[in-house]
Amino acid sequence: MPDSETGAPPRVVLVTAAALAVALTVAVAVFALTQRSSDSSDSSDGPLPLVPVPAPFATAPGCTTLLGAVPTELTSNGTSLKVRTLADPAPPATVAWGSADPLVLRCGLDRPPELTPTAALRLVNKVQWLQVPGDGASTWYVVDREVYAALTVPDSAGTGPLQQISDTVAAKLPPRPLRFS
């Protein structure tokens, strides 16, 4: 029944209409956030698309040995990162772990041009690595084995994955002298 002095609807009708408008706004916002998070989880849980890089030695026995021995899970900052399925066409001799910022191991690469006699190398669990920093991630090259392999690690990851891959490399591939040409 309208307010007799102004002709406006009763106060209860106005409060109810305002409450419905707020509820509808909240429902739309929740729906949008739910869709955004399910869209992003779909992209991080589905097959991982990777850009191919030249890997002329991807079929070398050292790559077969190494990739056959890598762990199905890596631990980064206390979080377990599971092996990811790679999208077709998958680059040869490549494996990845994790969802949001995956770690990627590639084997059979050419000698990295940054590997020079004066390059700073790091010894991690009996494996010599060459770190090549990038934008948001570093790529670590195994430089003292029969094949060159590269582990790309996001800056947000801890040192655990590099240590775990080092253990696998050390156990499966014997060390070789560094090659600069």
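The values are calculated or read from the model by the stated rules, or taken from the named source; none is laboratory data. Nothing here was measured: the structure is a model prediction, and the numbers come from that model. Cβ placement follows ideal geometry from the backbone for every residue including glycine, while neighbour counts extend to all protein chains displayed. All accessible areas refer to the heavy atoms of the entire protein, side chains included, with ligands and DNA or RNA removed. Shrake-Rupley method; radii C 1.70, N 1.55, O 1.52, S 1.80 Å.
Selection over the range 120-130 of residues that are open to solvent by 70 Å² or more (accessible area, probe 1.4 Å) and among the aliphatic types (A, V, I, L, M) gives a count of 2. Filter the range 86-122 down to the residues that are in a loop (DSSP other than H, G, I, E, B) and within 11 Å of L50 (Cα to Cα), then identify the one that is nearest to the chain's Cα centre (by Cα). Filtering first and then ranking leaves P102.
If L109 passes every condition in (1) touching a helix residue (DSSP H, G or I) at 6+ places or on another chain (Cβ under 9 Å); (2) touching a residue at least 24 places away in the same chain (Cβ under 8 Å) but one, which one does it miss? It fails just one condition, (1). If you filter the range 65-80 down to residues that are among the aliphatic types (A, V, I, L, M) and open to solvent by 30 Å² or more (accessible area, probe 1.4 Å), you find that the one that is farthest from L103 (Cα to Cα) is A69.
Within the range 143-169, the set of residues being in a helix (DSSP H, G or I), in contact with a strand residue (DSSP E or B) (Cβ under 8 Å, 6 or more places away or on another chain) and open to solvent by less than 40 Å² (accessible area, probe 1.4 Å) comprises G160, P161, L162, I165, S166, V169. Against the numbered list (1) farther than 24 Å from G46 by Cα; (2) touching a residue at least 40 places away in the same chain (Cβ under 8 Å); (3) hydrophobic (A, V, I, L, M, F, W, C), L74 comes up short only at (1). Checking the stated criteria, P61 turns out not to satisfy the condition of being over 17 Å from the mean Cα position of the chain (by Cα), more than 22 Å from V142 (Cα to Cα) and open to solvent by 70 Å² or more (accessible area, probe 1.4 Å).
Set side by side, the residues P117, P133, P175 differ, and just one is under 22 Å from L67 (Cα atoms) and either crowded, with 16+ Cβ neighbours inside 10 Å or at pLDDT 95 or above (or both), which is P175.
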